[in-house]
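Here is the structure we will look at.
The values are calculated or read from the model by the stated rules, or taken from the named source; none is laboratory data. Given the structure is predicted, the values throughout are model-derived calculations rather than measurements. Cβ placement follows ideal geometry from the backbone for every residue including glycine, while neighbour counts extend to all protein chains displayed.
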């Protein structure tokens, strides 16, 4: 009897090969693999959404919950039905309230998270970089903390896009901001360079993993 | 100045001092002298005009506005004189029409007439059509019950169908070039000049469409010309027509003219604009000619203020009360206005003013009847020949032809001379087109009967004129007209006066065309100057460059790029495949363990044995290889050392499946059992909202596990009700957003529980600030980060060691290719730039 | 409907936001959050159904590539039906992940290595400015420092330069970016809560 692992391995091998064929150029094999992937993914995601989101949070309480739970869940049930109206172009307006609730709650959560999770802590960390009690040497605090501070400030200035119009009619940032932004551009370039190296490392690791899979499939790898 | 002057029409050589051609009676001398104000300068009113006329302001060209300003200044000088004249007339002084235009505001847009709306394209509130139409019709026709002529019917029918007035006219005579015909007729009648001691009227460059915008200049000229020698016209000095100031001023400056059979219309209810009342005040006494079988004028028509001013400026006018005399008005030649006593219509003020200040010859009355049947706008109807020089109605020579009219150089007079305005067949010209009320009224008042057209008017022709482009754009109906049948001669460029700079706007020969029953249609060609053509060519060039297809890259370039990609692919696949398949372990793992990785290991070691730990699997299948290699080392260490109770959750739909894969493959050595040692809570939807909800109340957010079991009562989650009950939160993610979400949304609820991030190398650098701020206690990023953890596992075999050679080789290949290829491409790029700079 | 949506967005958002600071609103906030999770799950279904509609239309209209769309729909319905019947936690369903989803996505990620390498090589040809040079040099340095040589590591590179770049220079830039993102999130969220932005379709 053919095991699931073998079937999985064969399918994975062929799908990987079909995708790798894109290195030669776009071809039907690549397209077939991609379309199958999208279809399977969508079907799987829909099943997951139903069983791991809608069922435990909505349907199961409606069936087995208390009266109060059922009454309270009537509202999200109606909202969900309205949201499903988004599928129909004629009834898409009915889904607007549901989307509004989603967006409203999401905005509030994003605001709270950004303020409490990033803004205050990161600003505090930038300030605390000069705390001599937390660093090994004052020189490190001054040099490294100063560089970090400069990097933060200049990076923020780099994304400051307010500008004025010059005499020639061109749009340009103000002189001091322009200088600061140039320094910020250097920091941004360094950061993106580090990120690029990380992305390439991730892609390279994925390639290695696929090659390793091929080797395992053919009994070549370890 | 030459001793002789050559007639531009017939070529006959005439003495230089002759005003008309001895052969064809064409006008040879310009009319600019009197029009310039030598006799009677323009004296527009100073009081702001009423709304009815001020909406014309937006379409005025700049030069016209400037001219208006000049007119205001000159009017101030004459103000004292005008005030005295106003005392003699009961109609108060009305504001200048153009002053009203200047003071136009948005609310005045509501009163924009249909024709103006159609011309300008500016949407305006619709006028009250029903009463307005009736009044307009009266003003146009000068009848209470307009004669059922064919042209009248043609005017009526479109009105009933709700069409704009000018459209109605167009429908009635669709093939007519109304403006051209009107000018032709107007000039023809003026050329006759039997009763009017004035010169033949040159043509108007843009008759009705440009009326609004040309008001300042040509009215100024008209005023001056009125003072010189206007033909007798029928006026209604006591008419209620409201005349704008500018027409009042015209009248006020006009000297007394010959009073010949002028019929005053004291009981007229026509509303005259203020500026026309001013004209009435200052106008001399005019006798209205007895009506000659003319239809009765509907006195219900509302007249704009400026027409009333015309009446107000007019002097006493004799008006036969028993006859229905059409009010023949001319906005410039005020004596032309004639109105019956029983006129009830509300005529625009400016028309009334024109009436009052004009003299109407008795011969003009029959002409007004013809005008009345044409459905003309009021002022144009009154513009029709109030003078005793009715022109032939069949003059059809185009004024608007593309060819240059053969106007003499001396014909640089104003287009709006009284002759042109008073031409008897102006009504015919405008029969197919409705003009603004004030223009129609003016035409109607000064229109003599067709039967009295002097023979001299026959065959007169208006020389083709060249319209400014903005005027052409405003013409509503003639765009699709065919080419003129008879080519027009070139016209001279006007050197002075308000028409300075325009070419061929004044007719050289008022009547040189054989009358025909069917007016000819004339098209307007774009007559661009050389500069305009050059600019157009430049624009065309620019557009051509924009729309030109971008040339495809040379096939060699595309091929080389493809070859480069193939080469890179081959290098990576061959080299890395060889390393992977060769099971080499040549490259040592890095000895240096990053600080954040060391912190992560310390945090793991600090977790109590058997404590609940939340593991978040938030990575995509695309990075499963890297994440399993990176995470397995730390998780192996954790499971091996601390035997935690794991709770797995994921905000990715595939996260639960990847977690199972991780536990069954990457951590197969640990042999963790689901349900007893770990639970899978499954998919947590909602992104950051779901994470926040989970942080606030994990049991409410995910009441069931991935297998739909009550996981919160299971062994791994015993005693866990809040997020802070977990001994640690380990987030395995390949996304900055996902990791940031968990950091941000759980910051307040995590309490003392440490958070450790195991991330892909692509997201690791962005988590370093959170490590630095202490929000996460440790970070394992990528293979290089996991290498330190794996080394700390005491030689436990892991993915890192398995991948490391290939990883190092791949990184070094990338470094080499980027450096070499980058330098090579940098040189090529610089060379290309130099080449471009050299070009 | 438009104003109803606006009121709902502002009201629910304010309740959740104030819930950060007012514990009394915690029950109401938790209820809204649960609703939000339900709606998010439903929104996932809406997305999948929309995908079905799009490709179904292509199939019915026999547009170009409709065969691929038909294949997609076939796989989608198969995965969905079997997923509903067996549940996503079933090993047979997880086979879809292991056999299709993971290999395809991982291979696509592997293709990215070639693409990134190609792009980085040609970068200086297209844009040779200071930022590009700094970017490439940093990337090369990081790649070189993350690897090891057969004979070991380049000491100063691995021990000093790479950590310094990552923990000082790149950290400064990354923190600036994160603060900028947080500020953008803050302003965008406030605009939604004030009704200035209505991305839910309220115009």
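Could you pull out the residue among C:90, C:98, C:30 that is more than 7 Å from chain A (Cβ to nearest Cβ) and within 30 Å of residue A:13 (Cα to Cα)? Spell out the reasoning first.
Working: C:98 fails: more than 7 Å from chain A (Cβ to nearest Cβ); C:30 fails: within 30 Å of residue A:13 (Cα to Cα).
Only one candidate passes the filter, namely C:90.
Does residue A:187 count as within 12 Å of another protein chain (Cβ to nearest Cβ) and free of Cβ contacts under 8 Å to residues at least 60 places away in the same chain? So that I can check it myself, show each step before the final result.
Values: within 12 Å of another protein chain (Cβ to nearest Cβ): yes; free of Cβ contacts under 8 Å to residues at least 60 places away in the same chain: yes.
When the stated conditions are applied, residue A:187 passes them.
State yes or no: is residue C:110 closer than 21 Å to residue B:734 by Cα and either free of Cβ contacts under 8 Å to residues at least 60 places away in the same chain or facing another protein chain (nearest Cβ under 7 Å) (or both)? Walk me through it before giving the result.
Working: closer than 21 Å to residue B:734 by Cα: yes; either free of Cβ contacts under 8 Å to residues at least 60 places away in the same chain or facing another protein chain (nearest Cβ under 7 Å) (or both): yes.
Judged against the criteria, residue C:110 is a match.
Could you identify the single residue in B:597, B:584 that is modelled with pLDDT of 65 or more, under 30 Å from residue C:163 (Cα atoms) and in a loop (DSSP other than H, G, I, E, B)? Before the answer, list the steps.
Values: B:597 fails: in a loop (DSSP other than H, G, I, E, B).
Result: B:584 is the single residue among B:597, B:584 that is modelled with pLDDT of 65 or more, under 30 Å from residue C:163 (Cα atoms) and in a loop (DSSP other than H, G, I, E, B).
Give the residue that is nearest to the chain's Cα centre (by Cα), with candidates limited to residues of the range B:737-766 that are in a helix (DSSP H, G or I) and without any contact (Cβ under 8 Å) to a residue 60 or more places away in the chain.
Going through the range B:737-766, the residues in a helix (DSSP H, G or I) turn out to be B:737-745, B:764-766.
Those left that are additionally without any contact (Cβ under 8 Å) to a residue 60 or more places away in the chain: B:737, B:740, B:743-745, B:764-766.
Numbers: B:737: 45, B:740: 48, B:743: 52, B:744: 49, B:745: 50, B:764: 53, B:765: 52, B:766: 49 Å.
In this case the residue turns out to be B:737.
Taking the range B:600-624 on its own, how many of its residues are closer than 14 Å to residue B:757 by Cβ, within 60 Å of the chain's Cα centre (by Cα) and either surrounded by fewer than 24 Cβ atoms within 10 Å (Cβ to Cβ) or more than 14 Å from every other protein chain (Cβ to nearest Cβ) (or both)?
Final tally of qualifying residues: 2.
What residue, of A:69, A:90, A:52, is more than 30 Å from residue C:2 (Cβ to Cβ) and more than 7 Å from every other protein chain (Cβ to nearest Cβ)?
Details: A:90 fails: more than 30 Å from residue C:2 (Cβ to Cβ); A:52 fails: more than 7 Å from every other protein chain (Cβ to nearest Cβ).
The match here is A:69.
In the list C:161, C:141, C:124, C:157, which residue meets the criterion of being in a helix (DSSP H, G or I) and buried (at least 22 other Cβ atoms within 10 Å of the Cβ)?
On the way: C:161 fails: buried (at least 22 other Cβ atoms within 10 Å of the Cβ); C:141 fails: buried (at least 22 other Cβ atoms within 10 Å of the Cβ); C:157 fails: buried (at least 22 other Cβ atoms within 10 Å of the Cβ).
Testing whether each residue is in a helix (DSSP H, G or I) and buried (at least 22 other Cβ atoms within 10 Å of the Cβ) leaves just C:124.
Answer yes if at least one residue in the range B:712-732 is assigned to a helix (DSSP H, G or I) and facing another protein chain (nearest Cβ under 10 Å), and no otherwise.
Here is the first cut: in the range B:712-732, the ones assigned to a helix (DSSP H, G or I) are B:712-713, B:715-717, B:723-725.
Next cut, facing another protein chain (nearest Cβ under 10 Å) only: none.
The answer is no; no qualifying residue exists.
Which residue is surrounded by the most Cβ atoms within 10 Å (Cβ to Cβ), if the candidates are limited to the range B:806-821 and must be farther than 19 Å from residue B:589 by Cα and more than 7 Å from chain C (Cβ to nearest Cβ)?
Out of the qualifying residues, it is B:816.
Every residue, every condition in (1) touching a residue at least 40 places away in the same chain (Cβ under 8 Å); (2) assigned to a helix (DSSP H, G or I); (3) surrounded by 15 or more Cβ atoms within 10 Å (Cβ to Cβ), yes or no:
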| position | (1), (2), (3) |
| --- | --- |
| A:9 | yes, yes, yes |
| A:36 | no, yes, yes |
| A:39 | no, yes, yes |
| A:48 | no, yes, yes |
| A:51 | no, yes, yes |
| A:70 | no, yes, no |
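Return only the number of the condition from (1) in the same structural domain as residue B:638 (by TED's automatic domain parsing); (2) without any contact (Cβ under 8 Å) to a residue 12 or more places away in the chain that residue B:779 does not satisfy.
Only one criterion is unmet by residue B:779, namely (2).
Could you check, for the range B:777-798, whether at least one of its residues is farther than 26 Å from residue B:585 by Cα, buried (at least 24 other Cβ atoms within 10 Å of the Cβ) and either over 60 Å from the mean Cα position of the chain (by Cα) or within 9 Å of chain C (Cβ to nearest Cβ) (or both)?
yes
Of the conditions (1) part of a helix (DSSP H, G or I); (2) more than 30 Å from residue A:110 (Cβ to Cβ); (3) within 24 Å of the chain's Cα centre (by Cα), residue C:71 fails just one. Which one is it?
With (1) part of a helix (DSSP H, G or I); (2) more than 30 Å from residue A:110 (Cβ to Cβ); (3) within 24 Å of the chain's Cα centre (by Cα) applied to residue C:71, the lone miss is (3).
Among the listed residues C:157, C:186, C:178, C:193, which satisfies the condition of being closer than 30 Å to residue B:816 by Cα and either at the interface with chain A (Cβ under 9 Å from one of its Cβ atoms) or free of Cβ contacts under 8 Å to residues at least 40 places away in the same chain (or both)?
Values: C:186 fails: closer than 30 Å to residue B:816 by Cα; C:178 fails: closer than 30 Å to residue B:816 by Cα; C:193 fails: closer than 30 Å to residue B:816 by Cα.
Testing whether each residue is closer than 30 Å to residue B:816 by Cα and either at the interface with chain A (Cβ under 9 Å from one of its Cβ atoms) or free of Cβ contacts under 8 Å to residues at least 40 places away in the same chain (or both) leaves just C:157.
If I ask for residues that are farther than 21 Å from residue C:69 by Cα, more than 9 Å from chain C (Cβ to nearest Cβ) and in contact with a helix residue (DSSP H, G or I) (Cβ under 9 Å, 6 or more places away or on another chain), which ones from the range A:4-24 would you list?
A:24
Determine, yes or no, whether residue A:108 is free of Cβ contacts under 8 Å to residues at least 60 places away in the same chain, closer than 30 Å to residue B:766 by Cα, away from chain C (no Cβ under 11 Å) and part of a helix (DSSP H, G or I).
Working: free of Cβ contacts under 8 Å to residues at least 60 places away in the same chain: yes; closer than 30 Å to residue B:766 by Cα: yes; away from chain C (no Cβ under 11 Å): no; part of a helix (DSSP H, G or I): yes.
Answer is no for this residue.
Can you say whether residue C:48 is part of a helix (DSSP H, G or I) and free of Cβ contacts under 8 Å to residues at least 12 places away in the same chain, as far as the supplied structure shows?
Details: part of a helix (DSSP H, G or I): yes; free of Cβ contacts under 8 Å to residues at least 12 places away in the same chain: no.
So residue C:48 fails the test.
Select from the range B:635-683 the residues that are more than 15 Å from residue B:706 (Cα to Cα) and within 14 Å of chain A (Cβ to nearest Cβ) and list them in ascending order.
Scanning the range B:635-683 gives B:662, B:664, B:665, B:666, B:668.
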